[in-house]
Structure formats: C-alpha cells, structure tokens
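Visitor: Below you'll find the structure I mean.
The values are calculated or read from the model by the stated rules, or taken from the named source; none is laboratory data. Since we're looking at a predicted model, the values are computed, not measured. In this analysis, Cβ positions are derived from the backbone assuming ideal geometry, glycine residues included, and neighbour counts consider all displayed protein chains. Note: areas computed on protein heavy atoms with side chains; ligands, DNA, RNA excluded. Shrake-Rupley method; radii C 1.70, N 1.55, O 1.52, S 1.80 Å.
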Amino acid sequence: MATLFHNISGELTKELLAAGDGIRVSQISITNTNDDAKFCSLDLYIEKKLLGKFHLVKNVKLATGTTFIYDSIRFSNAEGEFGLFIKLTKSASETPTVDVIIS
C-alpha cells in the first residue's frame with residue numbers, strides 16, 4: 001500500500017486520486033496548517049464521469065492545528081471508476097492550507 005502526501009494551499013478543488021490510479025485507501029488524514037485562520041471548511045468526495053459527486057464529508061470546519069481522520073473509505077479507484085477530491089473554503093480573508101496524507 002502506497003502512502004501519498006499533498007500540501008494544499010488556496011480556496012480550490014484538488015484531485016487527490018485520479019480514476020485509474022489503483023490505490024487502495026484505508027485512511028485519509030487532513031491537518032489545517034494555517035496559523036492565521038481560525039478554521040477552514042472542507043469537502044471530501046468521490047466523483048465518476050456520468051454518475052457525479054458523492055460526498056464523504058461536506059462543510060466540515062477544521063480548526064487551525066487540528067487533524068481530521070477519515071477511515072471509513074472504500075471505493076473503486078480502477079480505470080474508469082472514481083477519483084477522490086478535496087475542496088477547501090476559507091473562513092475569512094486568509095488562504096486555507098492543509099496537509100493531506102492518504103494511506
């Protein structure tokens with residue numbers, strides 16, 4: 001099982017795993033690393049062409065310095081199946097920053 005690391009900065013949607021990567025995921029750890037913000041909001045979802053988005057979590061407020069661990073994940077990441085995405089939203093004027101570890 002591979003461990004993947006992402007440093008994400010900005011109010012954006014980022015693809016964490018593309019369909020076809022073939023990665024088996026047992027846990028996703030997301031830490032708010034921004035010192036200037038009280039919190040950021042995050043959405044974590046899978047998406048497949050023609051089927052759409054399926055949220056694992058939506059509008060979770062993650063306080064600065066805290067870690068959110070999602071360990072109830074099972075989906076097909078084979079070719080033509082689901083990709084895994086994260087969307088960050090800032091709480092005020094700051095730029096949200098998080099570290100993501102997929103294992």
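Visitor: Is there a residue in segment 30-42 that is in a loop (DSSP other than H, G, I, E, B), aliphatic (A, V, I, L, M) and open to solvent by 80 Å² or more (accessible area, probe 1.4 Å)?
Guide: No, every residue in segment 30-42 fails to be in a loop (DSSP other than H, G, I, E, B), aliphatic (A, V, I, L, M) and open to solvent by 80 Å² or more (accessible area, probe 1.4 Å).
Visitor: Looking at Leu51 and the list (1) surrounded by 11 or more Cβ atoms within 10 Å (Cβ to Cβ); (2) free of Cβ contacts under 8 Å to residues at least 12 places away in the same chain, which single condition is not satisfied?
Guide: Only one criterion is unmet by Leu51, namely (1).
Visitor: Next question, about the same structure. Provide a single number: the residues in segment 14-56 that are of a type in the set (Ser, Thr, Tyr) and under 9 Å from the mean Cα position of the chain (by Cα).
Guide: Going through segment 14-56 one residue at a time, the tally reaches 2.
Visitor: Keeping to segment 62-80, report how many residues are over 13 Å from the mean Cα position of the chain (by Cα) and at pLDDT 90 or above.
Guide: Result for segment 62-80: 4.
Visitor: Looking only at residues that are touching an Asp or Glu at 6+ places or on another chain (Cβ under 8 Å) and either without any contact (Cβ under 8 Å) to a residue 12 or more places away in the chain or hydrophobic (A, V, I, L, M, F, W, C) (or both) in segment 59-82, which one is nearest to Asp36 (Cα to Cα)?
Guide: That would be Val60.
Visitor: Name every residue in segment 43-82 that is among the charged types (D, E, K, R) and assigned to a loop (DSSP other than H, G, I, E, B), in order of residue number.
Guide: At the first step, the residues of segment 43-82 found to be among the charged types (D, E, K, R) are 43, 47-49, 53, 58, 61, 71, 74, 79, 81.
Listed by number, the residues that qualify are Lys49, Asp71, Arg74, Glu79, Glu81.
Visitor: When you check Asp21 against the structure, is it among the acidic types (Asp, Glu), exposed (fewer than 12 other Cβ atoms within 10 Å of the Cβ) and in a loop (DSSP other than H, G, I, E, B), yes or no?
Guide: Working: among the acidic types (Asp, Glu): yes; exposed (fewer than 12 other Cβ atoms within 10 Å of the Cβ): no; in a loop (DSSP other than H, G, I, E, B): yes.
Against the criterion (among the acidic types (Asp, Glu), exposed (fewer than 12 other Cβ atoms within 10 Å of the Cβ) and in a loop (DSSP other than H, G, I, E, B)), Asp21 does not qualify.
Visitor: To continue, here is another question. Can you find a residue in segment 54-63 that is open to solvent by less than 60 Å² (accessible area, probe 1.4 Å) and either in contact with a Pro (Cβ under 7 Å, 6 or more places away or on another chain) or on the phi > 0 side of the Ramachandran plot (or both)? Quick ask: steps written out before the conclusion?
Guide: So in segment 54-63, the residues open to solvent by less than 60 Å² (accessible area, probe 1.4 Å) come out as 56-57, 60, 62-63.
Going one step further and asking which of them are either in contact with a Pro (Cβ under 7 Å, 6 or more places away or on another chain) or on the phi > 0 side of the Ramachandran plot (or both), we end up with none.
No, segment 54-63 contains no residue that is open to solvent by less than 60 Å² (accessible area, probe 1.4 Å) and either in contact with a Pro (Cβ under 7 Å, 6 or more places away or on another chain) or on the phi > 0 side of the Ramachandran plot (or both).
Visitor: Please enumerate the residues belonging to segment 83-103 that are outside any strand (DSSP E or B) and either without any contact (Cβ under 8 Å) to a residue 40 or more places away in the chain or open to solvent by less than 40 Å² (accessible area, probe 1.4 Å) (or both).
Guide: Residues satisfying the conditions are Ser93, Glu94, Pro96, Ser103.
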